[in-house]
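**Q** Handing you this structure, nothing more for now.
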């Protein structure tokens, strides 16, 4: 599933298919991801395109309840994950800017 930047609902207010395994959040996506593990418990792969630490919204990835089955987190090459608690088994990939396909 791909969510673009114009998606303006909180993650927890949307109905997600229980089988959702992959999620790509588009350029400049800024909605809160708090509760991600509750709302998408089967998520295995999360891709954040063009995500930067934003001083106005620096908690986007901090204190997230990560999905228990998350295996891979992909972020933009320049993203800082300082102070972000990512579970040990999660593979973190840093990519150059990608377009949504």
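The values are calculated or read from the model by the stated rules, or taken from the named source; none is laboratory data. Here the structure is a predicted model, which means the values were calculated and not measured. Don't worry about glycine lacking a Cβ; one is built from the backbone with ideal geometry, like all the others, and counts go over all protein chains shown.
**Q** In the stretch 60-86, what count of residues is obtained for those that are surrounded by 12 or more Cβ atoms within 10 Å (Cβ to Cβ) and not in a strand (DSSP E or B)? Show your work before the answer.
**A** Of the stretch 60-86, the ones surrounded by 12 or more Cβ atoms within 10 Å (Cβ to Cβ) are 60-62, 64-67, 69-76, 78-81, 84, 86.
Going one step further and asking which of them are not in a strand (DSSP E or B), we end up with 60-62, 64-67, 69-71, 78-81, 84, 86.
Number of matching residues: 16.
**Q** Got a sec? Which of 37, 12 is at pLDDT 80 or above and either outside any loop (DSSP other than H, G, I, E, B) or touching a helix residue (DSSP H, G or I) at 6+ places or on another chain (Cβ under 9 Å) (or both)? Reasoning before the result, please.
**A** On the way: 12 fails: at pLDDT 80 or above.
Only one candidate passes the filter, namely 37.
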